[in-house]
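Colleague: Got a structure for you, written out below as structure tokens; questions coming shortly.
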Amino acid sequence: MSIEKLKLITVGGAPQGLDAALQVCLESGIFHLENAGAILAGAGAEENALPAQENPYAQLMKEFTALNLQEAADTDAEGEMIAMSPEEIDTHLKRIAQSLASVKDDYMAASQKVTGYQDAMMHLKHLKGTNDDLGKLLQCRNIICKFGRMPVESVEKLDLYNNPNLMFRAYDTAHEYAWGFYFTTPKQAANAEGIMRALLFEEFHIPSFIHGTPEQAMTDLQAALNKQQALADSLKKQRATILQNESKLLGQIYRFLRYREEIYRLRGQCLITKEKFMLMGYIPADQQAAFQKRMDALPDVVTSYDDPPDTAAIKPPVKLKNNRFSAPFSMFVEMYGLPDYRGFNPTTLLAVTYTILFGLMFGDLGQGLVMAIIGIILSRKKKKIALAPILTRIGFSSAFFGLFYGSVFGYEHWLDPVFESMGISFLPLHAMEHTDWFIYGAIGIGAVIMLLSITVNIIIKLKQKNYSEAVFGNNGVMGFIFFAAILGVLVCMMFTDINLLTAPYILCLLVLPLLMMFFREPLGALIAHKPMHHTSVVDFIASNFFECFEFLLGYATNMLSFIRVGGFVFSHAGLMSVVMVLAEMTGQGASIVVVILGNAFVMCLEGLIVGIQVLRLEFYEIFSRCYDGKGKPFTPITVGSPESVSAKS
């Protein structure tokens with residue numbers, strides 16, 4: 001199909017009307033904004049342009065984000081947006097922040113205590129079994145006591161320090177660690193701390209209210225933990241209640257801040273002077289009337305509509321226009337690259353060739369119908385899968401060619417009686433019985449597709465008035481004649497007794513086209529009435545010789561690359577024969593399960609591989625001859641802005 005026709009829109013007016021014009025562009029959903037300064041470069045309009053204006057709402061958006069209020073705002077994301085001044089928003093945010101601050105501080109304090117108590121309980125479990133009063137140990141005045149753990153091997157190394165004022169008492173050993181207390185005097189505290197740090201001692205804090213035996217301490221800790229956890233949950237609910245009560249207002253603020261943020265980002269793409277503004281962009285030509293109606297409602301705003309400029313410096317965006325069959329395959333074209341605005345939309349070519357090649361390489365009536373049904377089911381789901389409609393199309397193609405191959409879920413002879421009853425003796429085409437047909441057929445299909453690609457390239461280059469490539473290029477008229485002549489010789493040598501290698505045939509269809517491709521640069525310059533880039537004779541001969549050699553090598557390798565089409569027919573037949581052998585080796589009841597699982601495995605594995613290989617053929621053997629993919633996508637500006645904005649001031 002073609003490429004969507006666009007209109008270049010130029011909107012101008014007094015500077016105070018810029019935001020309203022941008023709002024209309026945003027709400028339309030069809031406006032692709034361009035940098036007006038880049039389009040008008042050299043026209044002098046950018047000389048008087050004012051520097052970009054700072055967004056007065058930017059700091060407010062940072063504060064909103066810092067308060068982590070987006071979640072509450074998004075609960076009312078589709079509601080009305082009300083225009084607010086920066087002062088109004090600042091007042092609301094300060095009030096809400098103040099309400100949340102005290103709750104947040106108390107919640108953080110309670111959460112920290114909960115974490116501390118949980119850690120203490122986890123480590124105090126290692127003191128069970130002792131009757132020592134922890135409260136007395138921790139409250140000693142003349143002895144410093146610290147609780148923690150260190151590696152078992154460090155306990156043995158402690159004796160090497162020979163410090164009578166430092167003692168470690170282990171209460172439990174687990175996971176190569178010893179838990180316990182170390183004791184020292186106040187005067188030796190610093191020295192003891194250094195020694196214990198060197199021995200990899202990890203101190204664990206025990207709350208000051210702890211007293212009694214470890215069992216009693218665990219009971220007190222659990223009670224304190226439950227109390228702090230309840231407090232933290234209560235404070236969390238208070239915060240949620242505050243946010244819920246402010247949800248509508250927060251949603252309005254968030255949407256308006258996003259809207260203003262987008263407006264100021266877009267302002268950077270416009271030309272703004274003291275007297276006027278100018279913004280430029282593209283819309284689909286068939287939606288001009290609806291867009292013009294929106295713009296005409298703005299006072300003191302002038303809009304002009306022109307065809308996209310036909311210059312190399314300005315590249316209009318591209319919106320592909322495809323029919324119902326080929327539309328799903330546009331994702332493959334976008335993967336490779338979009339065409340130029342005045343270029344060729346290869347989606348239909350890709351859709352047809354991809355569907356046919358996939359069916360040829362993965363021909364199975366039963367498996368193809370299953371793939372098509374899966375594609376139909378996935379296409380009807382709410383969350384549409386991009387590959388689903390493609391799966392439907394290639395599934396039917398697989399079923400169609402599987403009908404001719406006589407393959408139904410790997411059973412190669414189920415359809416034999418059908419064709420016999422119809423009197424068709426040459427069908428079905430069993431892969432293993434017609435190997436020559438499939439090999440020669442694959443090469444022949446490749447040759448036809450390559451000639452088709454060269455033909456498309458010739459048409460495109462002629463439209464672009466690039467006569468040098470259209471006539472003398474390896475993918476031009478001379479390349480077509482040379483390649484077709486080589487194919488004619490090969491076909492006649494292999495299947496007939498006709499000898500085409502006569503002097504006129506060789507001179508006119510082989511030598512002359514090859515010479516013209518060799519001298520394509522001077523001949524192209526002659527046709528275009530342009531001077532040729534001068535190089536030395538030796539450089540000219542060497543570079544063009546190797547390029548012509550590359551052309552010849554490319555013709556051969558590209559055509560032979562299509563042998564994989566026949567190869568995957570054999571691969572499918574071979575895989576399914578393995579499945580059938582495994583089914584015969586199992587019992588009668590289990591054979592059905594083996595056949596089902598085998599078909600599922602082959603569908604997933606081979607279907608994926610064939611899909612990738614066909615895409616490779618499309619990109620490397622077809623697109624490389626007739627398509628460049630250097631266009632840029634048509635991307636309308638959007639911000640999720642509401643349908644209307646009611647202003648307070």
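Colleague: Determine ³J(HN,Hα), in whole Hz, for all residues of region 183-200 in sequence, where each value follows from phi through the Karplus function 6.51 cos²θ - 1.76 cosθ + 1.60 and θ = phi - 60°; x replaces Gly and Pro.
Modeller: Running phi through 6.51 cos²θ - 1.76 cosθ + 1.60 with θ = phi - 60° gives 10, 7, 8, x, 5, 9, 4, 5, 5, 5, 5, x, 5, 5, 5, 5, 8, 6 Hz.
Colleague: Another question, then. If I model a spin label at Tyr336 and Ala190 as a point 7 Å from the Cα along the Cα→Cβ vector, what separation in nanometres do I get?
Modeller: 7.7
Colleague: Against the longest alpha carbon principal axis of the chain, how many degrees, from 0 to 90 and to the nearest 10, is the axis of helix 477-495 turned?
Modeller: Relative to the chain, helix 477-495 is tipped by roughly 70 degrees.
Colleague: Which value, in debye to the nearest 20, gives the size of the charge dipole of region 135-270 about its Cα centre, when Lys and Arg are +1 and Asp and Glu are -1 at the Cβ?
Modeller: For this selection, approximately 1020 debye.
Colleague: So if we plug the beta-carbon distance of Ala223 and Leu582 into 1/(1 + (r/R0)^6) with R0 = 45 Å, what FRET efficiency do we get, rounded to 0.05?
Modeller: 0.10
Colleague: If each residue of separation counts as 0.36 nm, what is the full-extension length gain between Ile143 and Gln118 once their alpha-carbon separation is subtracted?
Modeller: Here the answer is 6.3 nm.
Colleague: So which of Lys319/Lys630; Lys104/Lys227; Lys465/Lys632; Lys315/Lys461; Lys7/Lys321 end up more than 20 Å apart by C-alpha?
Modeller: Lys465/Lys632
Colleague: Would you pull out the residues with amide H under 5 Å of Arg342's amide H, same chain only if 5 or more places away, H placed 1.01 Å from N?
Modeller: Close amide H contacts, sequence-distant or interchain: none at all.
Colleague: Okay, moving on. Just to be sure I understand, if you calculate semi-axes √(5λ) of the Cα gyration tensor in Å for this structure, which of [x] 37, 32, 25; [y] 56, 43, 19; [z] 69, 45, 29 do you get?
Modeller: Here the calculated entry is [z].
Colleague: For the chain, with the dipole built from +1 on Lys and Arg beta-carbon atoms and -1 on Asp and Glu ones, taken about the Cα centre, which of Ala442, His126, Val569 lies farthest toward the positive end?
Modeller: Going by the Cα projections, it comes out as His126.
Colleague: What relative contact order, as a whole-number percentage, does the chain give when Cα pairs under 8 Å and 6 or more residues apart are counted?
Modeller: 22
Colleague: Each residue of region 26-31 in order: what ³J(HN,Hα) in whole Hz does its phi give by Karplus 6.51 cos²θ - 1.76 cosθ + 1.60, θ = phi - 60°, with x for Gly and Pro?
Modeller: 5, 6, 5, x, 10, 9
Colleague: While we're looking at this one, here's another question. Roughly speaking, what is the centre-to-centre gap between region 381-409 and region 334-370 when only Cα atoms are used, to the nearest Å?
Modeller: First find each Cα centre; the distance between them is then 12 Å.
Colleague: Further question on the same structure: Given a 1.4 Å probe, how much area per residue of the chain is accessible, in Å²?
Modeller: Numbers: 35250 Å² over 649 residues.
Per-residue accessible area for the chain comes out at 54 Å².
Colleague: Accessible area of region 166-297 with a 1.4 Å probe: how many percent of it is carbon plus sulfur? Each step should come with its number before you reach the end.
Modeller: Details: 3550 of 7070 Å².
Using a 1.4 Å probe with all protein chains present, region 166-297 comes out at 50 percent carbon and sulfur.
Colleague: Could you point to the residue in Leu597, Ala110, Thr392 farthest towards the positive end of the chain's charge dipole, with +1 and -1 charges on the Cβ of Lys/Arg and Asp/Glu respectively?
Modeller: The residue sitting most towards the positive pole is Ala110.
Colleague: Taking R0 as 51 Å, what's the FRET efficiency between Ala174 and Thr65 from their Cβ-Cβ distance, rounded to 0.05?
Modeller: E(calc), rounded to 0.05, equals 0.65.
Colleague: Amide H to amide H under 5 Å from Leu166: which residues, 5+ apart in sequence or cross-chain, H placed 1.01 Å off N in plane?
Modeller: Result for Leu166 returns nothing.
Colleague: Which value in nm describes the separation of the simple spin-label points at Leu526 and Gln288, placed 7 Å from the Cα toward the beta carbon?
Modeller: 4.4
Colleague: Could you tell me whether region 215-358 comes out rounded, prolate or oblate from its Cα gyration tensor? Rule is a ≥ b ≥ c as square roots of the eigenvalues, rounded for a/c under 1.5, then prolate if a/b exceeds b/c, otherwise oblate. It would help to have the intermediate numbers written out before the result.
Modeller: Numbers: a/c = 3.72, a/b = 1.74, b/c = 2.14.
Oblate is the answer for region 215-358, as a/c is 1.5 or above yet b/c matches or exceeds a/b.
Colleague: Further question on the same structure: Just subtract the alpha-carbon distance of Ala240 and Asn131 from 0.36 nm times their residue separation and send over the number in nm, one decimal.
Modeller: Value of the extension gain: 34.7 nm.
Colleague: Just need the relative contact order of region 128-241 here, percent rounded to a whole number, with Cα pairs under 8 Å and 6+ apart.
Modeller: 35
Colleague: Let me know the shape class of region 109-188, please: from the alpha-carbon gyration tensor, a ≥ b ≥ c as square roots of the eigenvalues, rounded when a/c is under 1.5, otherwise prolate if a/b is greater than b/c, or oblate. Don't skip to the answer; put the middle values down first.
Modeller: On the way: a/c = 1.93, a/b = 1.33, b/c = 1.45.
Oblate, because a/c is 1.5 or more while a/b does not exceed b/c.
Colleague: Moving to a separate point now. List the residues, sorted by chain then number, that are 5 or more residues from Ala178 or on another chain and whose placed amide H is less than 5 Å from its amide H.
Modeller: Met150, Val152
Colleague: About the Cα centre of the chain, what is the dipole size in debye to 20, counting +1 per Lys and Arg Cβ and -1 per Asp and Glu Cβ, all else neutral?
Modeller: For the chain, the charge dipole is close to 1060 debye.
Colleague: Taking the Cα centre of region 393-540 as the origin, how large is its charge dipole in debye, to the nearest 20, when only Lys and Arg (+1) and Asp and Glu (-1) carry charge on their Cβ atoms?
Modeller: For this selection, approximately 940 debye.
Colleague: Using a Förster radius of 22 Å, what is the FRET efficiency between Glu550 and Ile612 based on their Cβ-Cβ separation? Nearest 0.05, please.
Modeller: E between Glu550 and Ile612, to the nearest 0.05, is 0.25.
Colleague: Now, a different point. Where a ≥ b ≥ c are the square roots of the eigenvalues of the C-alpha gyration tensor, would you call region 330-469 rounded, which needs a/c under 1.5, or, failing that, prolate if a/b is larger than b/c, or oblate? Numbers along the way, then the final one.
Modeller: Numbers: a/c = 3.58, a/b = 1.44, b/c = 2.48.
Verdict is oblate for region 330-469.
Colleague: From the backbone phi of region 620-625, what are the Karplus-calculated ³J(HN,Hα) couplings (6.51 cos²θ - 1.76 cosθ + 1.60, θ = phi - 60°) in whole Hz, Gly and Pro given as x?
Modeller: 8, 9, 10, 4, 5, 9
Colleague: Moving to a separate point now. Projecting each Cα onto the charge dipole of the chain (Lys/Arg +1, Asp/Glu -1 at the beta carbon, about the Cα centre), which of Leu6, Asn457, Thr638 comes out farthest on the positive side?
Modeller: Thr638
Colleague: Can you tell me, using C-alpha contacts under 8 Å and at least 6 residues apart, the relative contact order of region 388-454 as a whole percent?
Modeller: Values: 34 pairs, mean separation 14.4, N = 67.
Rounded, it is 22 percent for region 388-454.
The values are calculated or read from the model by the stated rules, or taken from the named source; none is laboratory data. Quick caveat, the model's predicted, so the values are computed rather than measured. Heads up, the Cβs are rebuilt from the backbone with ideal geometry, glycines too, and the neighbour counts pull from every protein chain shown. Calculation scope for accessible area: heavy atoms of the full protein, side chains included, ligands and nucleic acids excluded. Shrake-Rupley method; radii C 1.70, N 1.55, O 1.52, S 1.80 Å.
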